[in-house]
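S.K.: Pasting a structure below so you can have a look.
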Amino acid sequence: MGFENFGTVSFTTEAKAAEFITYLEQGKVMATRCPKCGVSYFPPKADCPSCLSGEVEWFEVKGKGKLATYTIVNYGPSGFENDAPYILALGEFEGGIQIMSRLSKDIAPSDIKAGMSLVVSSLKRPDGRISYEFKKG
Amino acid sequence: MADRKVCILGGGMSKWGVREASIVDMAQEAAKDCFDDVPVLKKEDVDGLLFASSYCGRRSFQVNAAPVIAERIGIKPTSMCTRVDTLCAGGSSGIILATGLIKAGMADIMIVIGGEKLYTPQRWETYYSELASIDHDWDGAQGIGLPPPFFSMTAQEHMKRYGTTKEQLSAVSVKNRRNGLNNPKGHFQKAVSLEEVMASRPIAPPLGLLDCTPVTDGCAAVILTHEDKAKELSDRPLVYVRGTAQVALHSMSMNWPGEDLTDWVHLRTAAKKAYERARVSPDDIDVAQTHDCFTISEIIEMEDLGFCKKGEGGPFVESGKSDFGGKIPVNTDGGLLACGHPFGGTGIRQAREIVYQLQGRAIGQVEGAKIGLTHNLSGLNVEHTILIYGREP
Ligand SMILES: [Zn+2]
């Protein structure tokens, strides 16, 4: 399967990194690493932007990250009206991986602060679509 | 052939705002205003057209718009006739490209027009289309489509790291709306008080409605030529394109190149290159038009353009150093906050204002201005574009 069921609104249904979706269905948030130059990428790239090699390895983004910054979105773009308000956050993970995603609605607003520990996990939305989100680490 | 020196002869704008007019209508209005500004020029002598617009394909259902506009304004280009897309920096990209073509002798007289028709009859589409301007597969899928959330995070980090206050953010809006009061072509001619900005409807805190540029329709145009031709066509002081830079280091929020969101390393790189190429330093700039898409943007731009120290942008704007009579007047025609921001049009509006400033005929004139700078950030802060203009080459 491709990206047609990914995120609140999907844009690209056909992309070479579609394995990401297969893993996400299995509950895994994956990144890619280029064995030639050792650089890791999130979002995953099917071809390495650094050396342009097509032989990349998939690995799971595990472990605890750190909340770098966040914002409350009161007015979502068209297609996201029913999601708002939601909290977008930038998380920093091992190996220089940064992820922009939403904070889980399970986290109490009073608990949210820059520097807090995060994990990234797959998300099945009530409408059946899939994505990923940050939970408390 | 030695490189030719390139001058901007004059500029024009359509009325900017919420318009019941097509992108081609507004391009024509801007071109007319621009031709009227250079009365000696016969428009039949214009040999090239660049049209800067990112959304004419989607929102006006008009791709390959350049020849459509050429026909509408009655010119028959023989050197170059094409569209340029760098979103918010499209107009500046067009001016840089035209400069290069004229410098190299591949074109002689070029008109650069830019702008957008952003309001569509179905208003939801206006906001849906915004999602095309980012890496929509990944950033878009999370709902980061509209820019305020990203700049809200930037503002919060700046407040935390440097103690910048909401009053300082608001001061940018107060200044630029005041500067736009007498600019009839801009979107707003209404001053706002500090209290009004502070209390404006929260969009993505700490940014309220009056911290954000509006959605605006409009076009702007400038005409460029080489020095010899410029002397023939105009009695006004010549305004030269002295140095330019455009820097792209990443394309999506997750790969931000700086230490944190307040660290605009791509802007500093662009500034360094542009100052070197123009053989000037930040202290030499007499007037600047910088990209105030949000109030926080102008504060960080003061720092990373080198007008003040890193972290001191807040006090710099609050104490009037970027106002008329201050160290460097910024956004003298109202900037994006008062004029609005039809993406491809903005860099050209800025160039027009700088040309008027350096020729001593701006509505809000900075006395004796000889060197001016324009700056755009584009997309989700993924690219920075700078042009430096001067009365001397
Ligand atoms: Zn590689």
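The values are calculated or read from the model by the stated rules, or taken from the named source; none is laboratory data. As the structure is a computational prediction, the values presented were derived from the model and not from experiment. Positions of Cβ are generated from backbone atoms using ideal geometry, with glycine treated the same way; all protein chains shown enter the neighbour counts. In case anyone asks, the SASA skips ligands and DNA or RNA and just uses the protein heavy atoms, side chains included. Shrake-Rupley method; radii C 1.70, N 1.55, O 1.52, S 1.80 Å.
S.K.: In this structure, does B:Met198 turn out to be over 21 Å from the mean Cα position of the chain (by Cα), open to solvent by 20 Å² or more (accessible area, probe 1.4 Å) and more than 14 Å from chain A (Cβ to nearest Cβ)? Give the steps one after another, and end with the answer.
M.R.: Values: over 21 Å from the mean Cα position of the chain (by Cα): yes; open to solvent by 20 Å² or more (accessible area, probe 1.4 Å): yes; more than 14 Å from chain A (Cβ to nearest Cβ): yes.
Considered against the rule, which asks whether it is over 21 Å from the mean Cα position of the chain (by Cα), open to solvent by 20 Å² or more (accessible area, probe 1.4 Å) and more than 14 Å from chain A (Cβ to nearest Cβ), B:Met198 comes out as yes.
S.K.: Please go through segment B:277-330 and pick out each residue that is crowded, with 21+ Cβ neighbours inside 10 Å, among the polar types (S, T, N, Q) and within 20 Å of B:Tyr240 (Cα to Cα).
M.R.: If the condition is that a residue be crowded, with 21+ Cβ neighbours inside 10 Å, among the polar types (S, T, N, Q) and within 20 Å of B:Tyr240 (Cα to Cα), then B:Gln289, B:Thr290 are the ones that fit.
S.K.: Got a sec? Which helices (runs of 4 or more DSSP H) wholly within segment B:57-171 have at least 2 residues that are open to solvent by less than 40 Å² (accessible area, probe 1.4 Å) and more than 14 Å from chain A (Cβ to nearest Cβ)?
M.R.: B:65-72, B:90-103
S.K.: Counting just the residues of segment A:27-61 that are surrounded by fewer than 19 Cβ atoms within 10 Å (Cβ to Cβ) and touching a residue at least 40 places away in the same chain (Cβ under 8 Å), which one comes out farthest from the ligand (Cβ to nearest atom)?
M.R.: Looking at residues that are surrounded by fewer than 19 Cβ atoms within 10 Å (Cβ to Cβ) and touching a residue at least 40 places away in the same chain (Cβ under 8 Å), I get A:Gly27.
S.K.: For segment B:214-261, what are the residues that are assigned to a loop (DSSP other than H, G, I, E, B), of a type in the set (A, V, I, L, M) and more than 15 Å from the chain's Cα centre (by Cα)?
M.R.: Result: B:Leu238, B:Val239, B:Leu249, B:Met252, B:Leu261.
S.K.: Right, here's the next one. Quick test of your reading of the structure: B:Gly186 fulfils all but one of (1) more than 24 Å from B:Cys88 (Cα to Cα); (2) in contact (Cβ under 8 Å) with a residue 40 or more places away in the chain; (3) outside any helix (DSSP H, G or I). Name the failing condition by number.
M.R.: Going through the list (1) more than 24 Å from B:Cys88 (Cα to Cα); (2) in contact (Cβ under 8 Å) with a residue 40 or more places away in the chain; (3) outside any helix (DSSP H, G or I), B:Gly186 breaks only (1).
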